[in-house]
Amino acid sequence: MSTARTPSPAPETPATTDPLSLIDVDHVRLHVGNAKQAALFYAHTFGFQVDQYQDLTTGSRDEASYLLKQGNIRLLLTTGLHKDSVAQQEVMRYGDGVKDIAVTVEDAVAAYEQAIRNGGESAYEPVERSDEHGSVVTAGISTYGRVVHSFVSRSGAYDLDQVKDGGAFAPGFAKTEGLSVNVYNRQNPCGLMYVDHCVGNVEEGKMNHWVEWYEQVLGFRMFKHFDDADISTEFSALMSKVMASGNNLIKMPINEPATGKRKSQILEYLEWHDMSPGVQHLALRTDDELTSVAALRSRGVDFLMIPDTYYQTVWDRVSAQGWEVREDHEKIRDLGILVDADDEGYLLQLFTKPLQDRPTLFFEIICRRGSQSFGKGNFKALFEALEIEQERRGNL
Ligand SMILES: [Fe+2]
């Protein structure tokens, strides 16, 4: 495996004159309580490079941010430096979490104006940051909860290809020097390549509202949907629809709680997130699930425990779909990895426990072998595992 530049999947249609045609996932910004410490957590546990930063020493007086890179994943960890800063206010309400799923476009102002014409609400007006090397223009629209989609257009030295090759992220960012974890991570890669999908939890009854919002404002279309008959255990359930960008560059599943005998994981999330919708998980794609999960486990990533009984039925379930899982079955069980299949192929996936003390944001590590779905067959096994954790937290 290599941490070298890894492209996202090629868009399925060529670039068009549509201002909302997405070029890439530019970055995902997290608001965190202490970005300096969080950067080291994500570097040590998930193998990210702490590549660049801006803070008081670089002249950033209101916020400190750290750019973490791995493959084509760019996480921007931001903390507010004053009690009144937006990042601090939101961390107080929600804990650490995703603030912005930012997309690269040809012209951020044109994309923003098109999204507003389509019925989107402005989160912030276009801002241009430039210096003698180039410029970065950003403009944001509000999606569910306090989450934002920024449109980002880049020129000169800040072109995304140059950022991928190690160039500066934006004016004002300084390169991190002499961090030993960066050296270790280059020698011991975890193989995470790009953001496969990004899941939002919204309130009961609001899923279809946000499905329509993605269709109308951003020109997304429905990719898959699941109802509570698909995703339920005896006690809890959810409903989910997967929205995809026009070129399938990013998929945004949207979950809402469904009625069960006990509290669903979506409701638990909302209750610990100030009853405000937000991002539940980011799925990070690898080409080698076993090696990635083994590396992450050895670094201390806390994954969900999969009941051993899961492996009594999984191979029959997958071969019933006509697929033979070519990875070592025993290692899959030892690493506690989930397997699912559909008519296009199979997938391997595993979910971390929450990444912070509140039971909110977590990561998924996913490897696709043809399957383009999201592990529907695992939902029941997964929910049973999740409920054990909810029980432990006293939230069931
Ligand atoms: Fe997922």
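FYI, it's all coordinate maths here, none of it is from the lab. What you see is a predicted model; the values in this text were computed from it and never measured. As a convention, Cβ positions derive from the backbone with ideal geometry for all residues, glycine included, and neighbour counts pool all protein chains shown.
Taking the beta-carbon count within 10 Å as an exposure proxy, list Asp357, Asp51 from fewest neighbours to most.
Ordered by Cβ neighbours within 10 Å, fewest first: Asp357, Asp51.
Which shape class applies to segment 24-187: rounded if a/c is under 1.5, otherwise prolate when a/b exceeds b/c and oblate if not, where a ≥ b ≥ c are the square roots of the Cα gyration tensor eigenvalues?
Judged from the Cα gyration tensor, segment 24-187 comes out oblate (a/c at least 1.5, b/c at or above a/b).
At 0.36 nm per residue, minus the direct Cα-Cα distance, what do Val86 and Gln312 gain on full extension? Give it in nm, one decimal, please.
Here the answer is 76.5 nm.
Once phi is turned into θ = phi - 60°, what whole-Hz ³J(HN,Hα) does the Karplus curve with 6.51, -1.76 and 1.60 give for every residue of segment 53-64, x standing for Gly and Pro?
With coefficients 6.51, -1.76 and 1.60, one gets 7, 9, 7, 4, 5, 9, x, 8, 8, 10, 9, 10 Hz.
In whole Hz, what ³J(HN,Hα) sequence does segment 206-214 give by Karplus (6.51, -1.76, 1.60; θ = phi - 60°), x for Gly and Pro?
The phi angles translate into 9, 4, 5, 4, 6, 4, 5, 4, 5 Hz.
Give the long-range amide H neighbours of Ile306: residues separated by 5 or more places, or on another chain, with amide H under 5 Å away, using H modelled in the peptide plane at 1.01 Å from N.
Residues meeting the criterion, in which the H sits 1.01 Å from N, do not exist here.
So what is the relative contact order of the chain, in percent, for Cα pairs below 8 Å that sit 6 or more residues apart?
With pairs under 8 Å counted, the relative contact order is 16 percent.
Between Asp357 and Met275, what is 0.36 nm times their sequence separation minus the Cα-Cα distance? Round to one decimal in nm. Could the numbers behind the result be given before it?
Working: separation 82, 0.36 × 82 = 29.52 nm, distance 1.68 nm.
Gain on stretching Asp357 to Met275: 27.8 nm.
For His281, which sequence-distant residues (separation of 5 or more, or a different chain) have an amide H within less than 5 Å of its own amide H, given hydrogens modelled in the peptide plane?
Val199, Phe362
Rounded to whole Hz and in sequence order, give me ³J(HN,Hα) for segment 127-134 from the Karplus expression 6.51 cos²θ - 1.76 cosθ + 1.60, θ = phi - 60°, writing x for Gly and Pro.
Listing the rounded values in order: 10, 10, 10, 9, 8, 5, 8, x Hz.
For segment 135-227, which GluC sites (Glu not before Pro) are in a loop by DSSP, counting at most 12 other Cβ atoms within 10 Å? Show your work: numbers first, answer last.
Values: sites: Glu177, Glu203, Glu204, Glu212, Glu215; in loops: Glu177, Glu203, Glu204.
Taking segment 135-227 and a limit of 12 other Cβ atoms within 10 Å, the loop GluC sites (Glu not before Pro) found are Glu177.
Determine the principal axes of the Cα atoms in the chain, then give the extent along each, sorted from largest to smallest and rounded to whole angstroms.
Per principal axis, max minus min of the Cα coordinates gives 62, 47, 45 Å.
Over segment 24-187, what is the relative contact order in whole percent, taking alpha-carbon pairs under 8 Å and six or more residues apart? Please list the in-between numbers first.
On the way: 344 pairs, mean separation 40.9, N = 164.
In percent, rounded to a whole number, it is 25.
Which residue, chosen from His273, Ser122, Leu296, occupies the Cα position most advanced towards the positive end of the dipole of the chain, where the dipole is computed from +1 (Lys, Arg) and -1 (Asp, Glu) charges on Cβ about the Cα centre?
Leu296
Where does the chain land at 222 nm, in deg cm²/dmol rounded to the nearest 500, when only DSSP H runs of n ≥ 4 count, each adding -39500 (n - 2.57), divided by all residues?
-7500 deg cm²/dmol
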